[in-house]
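The values are calculated or read from the model by the stated rules, or taken from the named source; none is laboratory data. Quick caveat, the model's predicted, so the values are computed rather than measured. Using ideal geometry, Cβ is built from the backbone for each residue, glycine included, and neighbour counts are taken over all protein chains shown. Remember, those area values only see protein heavy atoms, side chains included, never the ligands or the DNA or RNA. Shrake-Rupley method; radii C 1.70, N 1.55, O 1.52, S 1.80 Å.
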Amino acid sequence: MKKTTPIIFVNLGKPFSLLLLLLIGLQISAQNHPNLILTKNGVANIKKQLGQIPVFDKSLSKTKNEIDLEIAKGISVPIPKDMAGGYTHDQHKKNWNTLQKAGILYQLLEDEKYATYVHNVLKAYAEMYPTLPLHPQERSYARGKIFWQCLNDANWLVYVSQAYDCIYDYLSRKERDYLEKNLFVPFANFLSEENPQFFNRIHNHSTWGNVAVGMIGLVMDNDELVNKALYGLKKANINLNLKDNDGGLIIEKDQKAGFLANLDKPFSPDGYYTEGPYYQRYAMYPFMIFAQALQNKKPELKIFEYKKGVLIKAVYALLNLTNMDGEFFPLNDGQKGMSYFSKELISAVDIAFHYGGKDTSLLSIAKKQNSVQLDDTGLAVAKGIKDNQATPFVKKSIELKDGSDGKEGGIGILRSSDQRTSLIMKYTAQGLSHGHYDKLSFSYYHNGKEVLQDYGLARFVNIEQKNGGGYLKENKTWAKQSIAHNTIIQDETSHFGGKFEIGNIHHSDKYLFDVSKSKLQIVSAKEENAYPNTKLHRTMIMLEDEDFENPVLIDVMSFSSNAIHQFDMPFYYHGQIIDTNFDYKHTDQLSALGTKNGYQHLWVEGKATIKNNTAQVTWLSNNTFYTLSSFTAIDDEFLFTRIGANDPQYNLRRDPGFMIRKPKSKNDSFIHVIETHGSYNPVTEIATNTRSAIKEVQKIKIENQNYTAWSILTKKGSTHMFILCTTNPNHTKSHTITVNGQTHTWVGAYKHTIKK
């Protein structure tokens, strides 16, 4: 530790003694750091146990090796000029990470070289910052100074605030005053007062901005900054017509702002974040790290109890929004491959464990992550792992409601009894500016792999050659459009006309979510605003039965309109087509399927006009066979498609798909069954169970418009019949109807019978 001048006690009388006590009090107050994420007591406790807790020691050793290498390279604080992925962007990003970790190392290892390094880098920033204009790249609605957007400036300050807290007592008062006057206070004011369109907003961007200002405010004991962070700017001159990079309105008139408002509005009571799991993951670091800081410095706020503990619930929601490999489902704008191994989730899991009741199932996730935060929360997790306290985190079927009050639709996740198969059906609100126009869409997984996929976002994050690492124009022209998803499209037009202002005021509504029967789970939802005068109702069932090798997915999309329209139902798969039960014409000369709304990006590779009542297509992916069996009407069309038309810069993946089209229809249903069956071993070259178990899918005519019915006939001779009441989901409601001359009576919204 930096040496301080010793205090010599001399009896000089009462007035002098009072002055001395006051000086001592001021010194003690000045030395009450760290107190943000690390605390003095926490540091002392960690030091006592170094070398005894394997996961913690491994994380510390890895951090030390990383930072020692960075320090050896010397200090680099370049004048900003690049977009994401460029040298100056990446260097400043590396700096915030290095500073935060160096500060921690100084506290835990008591080596002044880390404090000296942090101080020298901060001085370099403090010398540069007052001279910086806005960033030269003019792409953002809120340009930063160090980075091309205020968002990254806020990232920097969230991390660097922690570094400053760690070396606060190492610095003299004069040194602190210099940094605060030239760097930290102007930085906080720039993010808030000078950029209200960024700061006073309900969005993950604002969360980072709020937390950046709040964190540095806590370090400096600046209540004015902390209050701005918590409650937003009281007076913000904001252009309400200003749009962000995604075309969404920045702010709503008279809305509340600040950290607490960003907890209130985007999070549902279940902890689902309306922008989707990719951005929930991104925002969880500032949400959780600021909550930890507030718990340490302002425990009277009881931040982890706010909105009935929504922050802790949010961690569980995120963990449930992952596949078997821990990768987040790519709902809305989401990059595939992002997972709970990210640094944000390592932090979130540690904090949730420490402050959320020491749930030992979280330790099993942390054990897989094999890394912890270097603070009290990480120590608690590492000790739990060392003491073999970890219990399995079981991801079951679950519904996560959307909307601040949980009344704006949601996400339904059905998981098979062995957890190898999962369905994700989306019936949420728009998801703010990162939302897609994909009401009642779904994706489907088996053994952690996509069977039927959601495209995700069109962006190469932090790859400079691809639009500076930012969103590509194809994110709007393709990824957000309805045709890019496994959902219904009317007249080649996206839901809500692809207009954010319209989509943002509507949400789908859950009709039914019932997972009380492990072998027959159902999720059902309605959408009545995607198209004028058209009602959509999708029901999806995961059925496990001895007639099928694996669980099957039953998909019924009903629609009714006041006029005749064209309806398309696309599916996007991976792998190779193996077989069909219908003839089709392969297209030798490729042409785009349409001219707008995403259709311009689809090549047509083959076409068929279906003449039989059940169309089947089988494909092979990851050495497993899949078959889609579809009830079809005469003259329904089947199209083989591939993404990539009108994409001269190769910004889109060349993924295959197929589509069932009803050219002229008014009231009808798409009924599909997706099977997972068989396998192929490329070593033995043996293929097993390569054919579908289904003979036919039938739609059953019912006179009563309050019900819909269908049946599945297997090649073994079994018949599975389903009847669904479409107007009353009450599980205690009794029903009696006649189907094909036979009376059926049951209780609940649906009935499933099997005739062997």
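Looking at the stretch 33-51 only, could you name the residues that are free of Cβ contacts under 8 Å to residues at least 12 places away in the same chain and loosely packed, with under 13 Cβ neighbours inside 10 Å?
N41, A44, K48, G51 - these are the residues of the stretch 33-51 that are free of Cβ contacts under 8 Å to residues at least 12 places away in the same chain and loosely packed, with under 13 Cβ neighbours inside 10 Å.
Would you mind listing the helices (runs of 4 or more DSSP H) fully within the stretch 98-209 where at least 1 residues are farther than 23 Å from A257 by Cβ?
Of the helices (runs of 4 or more DSSP H) lying wholly inside the stretch 98-209, those with at least 1 residues that are farther than 23 Å from A257 by Cβ span 112-128, 150-167, 173-179.
Among the residues of the stretch 178-219, how many are β-branched (V, I, T) and free of Cβ contacts under 8 Å to residues at least 60 places away in the same chain?
Selection size over the stretch 178-219: 3.
So which residues in the stretch 466-483 are farther than 18 Å from Y278 by Cα, modelled with pLDDT of 95 or more and not basic (K, R)?
Across the stretch 466-483, the qualifying residues are E474, T477, W478, Q481, S482, I483.
Hey, can you tell me all the residues within the stretch 714-732 that are of a type outside the set (S, T, Y) and open to solvent by less than 40 Å² (accessible area, probe 1.4 Å)?
H720, M721, F722, I723, L724, C725
Those residues that are closer than 15 Å to T274 by Cβ and touching a Leu at 6+ places or on another chain (Cβ under 8 Å), I need them from the stretch 395-425; list them, please.
L400, G410, I411
So for the stretch 428-451 (the condition being crowded, with 23+ Cβ neighbours inside 10 Å, assigned to a strand (DSSP E or B) and touching a Phe, Trp or Tyr at 6+ places or on another chain (Cβ under 7 Å)), does at least one residue qualify?
Yes, the stretch 428-451 contains a residue that is crowded, with 23+ Cβ neighbours inside 10 Å, assigned to a strand (DSSP E or B) and touching a Phe, Trp or Tyr at 6+ places or on another chain (Cβ under 7 Å).
Filtering the stretch 656-692 down to residues that are of a type in the set (G, A, S) and open to solvent by less than 30 Å² (accessible area, probe 1.4 Å), which residue is farthest from E546 (Cα to Cα)?
Applying the first criterion (of a type in the set (G, A, S)) to the stretch 656-692 yields 657, 665, 669, 678-679, 687, 692.
So of that shortlist, the ones also open to solvent by less than 30 Å² (accessible area, probe 1.4 Å) come out as 657, 665, 669, 678, 692.
Numbers: G657: 30, S665: 36, S669: 27, G678: 15, S692: 14 Å.
Here the answer is S665.
Could you check, for the stretch 607-622, whether at least one of its residues is assigned to a loop (DSSP other than H, G, I, E, B) and in contact with a helix residue (DSSP H, G or I) (Cβ under 7 Å, 6 or more places away or on another chain)?
no
Please give the strands (runs of 3 or more DSSP E) falling wholly within the stretch 521-594 in which 1 or more residues are within 31 Å of the chain's Cα centre (by Cα) and buried (at least 19 other Cβ atoms within 10 Å of the Cβ).
534-543, 552-572
Is the stretch 638-655 home to any residue that is of a type outside the set (V, I, T), open to solvent by less than 10 Å² (accessible area, probe 1.4 Å), farther than 30 Å from E464 by Cα and modelled with pLDDT of 95 or more?
Looking through the stretch 638-655, at least one residue is of a type outside the set (V, I, T), open to solvent by less than 10 Å² (accessible area, probe 1.4 Å), farther than 30 Å from E464 by Cα and modelled with pLDDT of 95 or more.
Does K256 satisfy being open to solvent by 10 Å² or more (accessible area, probe 1.4 Å), basic (K, R) and under 25 Å from T487 (Cα atoms)?
When the stated conditions are applied, K256 does not pass them.
Just checking, how many residues over the stretch 197-235 are surrounded by 24 or more Cβ atoms within 10 Å (Cβ to Cβ) and among the basic types (K, R)?
2
Please find, within the stretch 130-148, the residue that is farthest from P286 (Cα to Cα) out of those that are open to solvent by less than 20 Å² (accessible area, probe 1.4 Å) and out of contact with any helix residue (DSSP H, G or I) (no Cβ under 8 Å at 6 or more places or on another chain).
L132
Restricting the search to the stretch 69-90, which residues are in a helix (DSSP H, G or I) and either surrounded by 15 or more Cβ atoms within 10 Å (Cβ to Cβ) or touching a residue at least 60 places away in the same chain (Cβ under 8 Å) (or both)?
As a first pass, look at the stretch 69-90 and keep what is in a helix (DSSP H, G or I): 69-73, 87-90.
Residues satisfying the conditions are E70, I71, T88, H89, D90.
Output the residues belonging to the stretch 488-499 that are assigned to a helix (DSSP H, G or I) and either modelled with pLDDT under 95 or touching a helix residue (DSSP H, G or I) at 6+ places or on another chain (Cβ under 7 Å) (or both).
H495, F496
Could you look through the stretch 452-470, keep only residues that are open to solvent by 30 Å² or more (accessible area, probe 1.4 Å) and in contact with a Leu (Cβ under 7 Å, 6 or more places away or on another chain), and pick out the one that is nearest to T627 (Cα to Cα)?
R459
Can you work out which of the residues in the stretch 595-605 that are in contact with a Phe, Trp or Tyr (Cβ under 6 Å, 6 or more places away or on another chain) and not in a loop (DSSP other than H, G, I, E, B) is least open to solvent (accessible area, probe 1.4 Å)? Steps first, please.
Our first condition is that a residue be in contact with a Phe, Trp or Tyr (Cβ under 6 Å, 6 or more places away or on another chain); within the stretch 595-605, this holds for 598, 601, 605.
Checking the rest, the ones that are also not in a loop (DSSP other than H, G, I, E, B) come to 601, 605.
Details: H601: 5, E605: 45 Å².
Among those that are in contact with a Phe, Trp or Tyr (Cβ under 6 Å, 6 or more places away or on another chain) and not in a loop (DSSP other than H, G, I, E, B), it is H601.
Count, please, the residues in the stretch 412-421 that happen to be open to solvent by less than 10 Å² (accessible area, probe 1.4 Å) and either under 17 Å from the mean Cα position of the chain (by Cα) or of a type in the set (K, R) (or both).
Residues meeting the conditions: 2.
If K480 meets every condition in (1) surrounded by fewer than 23 Cβ atoms within 10 Å (Cβ to Cβ); (2) within 22 Å of the chain's Cα centre (by Cα) apart from one, which number is that one?
(1)
Condition test on E474, is it surrounded by 21 or more Cβ atoms within 10 Å (Cβ to Cβ) and of a type in the set (D, E)? It would help to see each step written out before you state the result.
On the way: surrounded by 21 or more Cβ atoms within 10 Å (Cβ to Cβ): yes; of a type in the set (D, E): yes.
Yes, satisfied.
Cβ-Cβ below 9 Å, separation at least six or inter-chain, first residue in the stretch 645-665 and part of a strand (DSSP E or B), second exposed (fewer than 15 other Cβ atoms within 10 Å of the Cβ): which pairs?
Taking only residues 6 or more apart or on different chains, the pairs are P656/Q576; K662/A633; K662/D635; P663/D635; K664/I564; K664/D635; S665/I564; S665/A633.
Would you please name the residue that is farthest from V556 (Cα to Cα), looking only at residues in the stretch 466-513 that are aromatic (F, W, Y) and out of contact with any Pro (no Cβ under 8 Å at 6 or more places or on another chain)? Steps first, please.
To start, the set of residues in the stretch 466-513 that are aromatic (F, W, Y) comprises 471, 478, 496, 500, 511, 513.
With the extra rule that they be out of contact with any Pro (no Cβ under 8 Å at 6 or more places or on another chain), the set shrinks to 471, 478, 496, 500, 513.
Working: Y471: 34, W478: 25, F496: 22, F500: 27, F513: 15 Å.
Residue satisfying both the conditions and the ranking: Y471.
Can you name every residue in the stretch 733-756 that is open to solvent by 40 Å² or more (accessible area, probe 1.4 Å) and part of a loop (DSSP other than H, G, I, E, B)?
K733, N740, G741, K756
Modelled with pLDDT of 95 or more and more than 14 Å from S206 (Cβ to Cβ), is that true of L240? Full working, then the answer.
Values: modelled with pLDDT of 95 or more: no; more than 14 Å from S206 (Cβ to Cβ): yes.
No, not satisfied.
Is there a residue being touching a residue at least 40 places away in the same chain (Cβ under 8 Å) and among the hydroxyl-bearing types (S, T, Y) anywhere in the stretch 324-339?
No: the stretch 324-339 contains no residue that is touching a residue at least 40 places away in the same chain (Cβ under 8 Å) and among the hydroxyl-bearing types (S, T, Y).
Please name all residue pairs, on different chains or six or more residues apart, with Cβ atoms under 9 Å, provided the first residue is in the stretch 456-478 and is closer than 23 Å to Y573 by Cβ and the second residue is among the hydroxyl-bearing types (S, T, Y).
G456/Y278; L457/Y278; L457/Y471; A458/Y471; A458/T477; R459/Y471; W478/Y455
State all residues of the stretch 370-380 that are open to solvent by 20 Å² or more (accessible area, probe 1.4 Å) and within 14 Å of L345 (Cβ to Cβ); if no residue qualifies, say none.
Of everything in the stretch 370-380, those that are open to solvent by 20 Å² or more (accessible area, probe 1.4 Å) and within 14 Å of L345 (Cβ to Cβ) turn out to be N370, S371, Q373.
Taking I75 and the conditions (1) among the aliphatic types (A, V, I, L, M); (2) under 30 Å from Y471 (Cα atoms); (3) at pLDDT 95 or above, which numbered condition does it fall short on, given that it satisfies the others?
Status for I75: all satisfied but (2).
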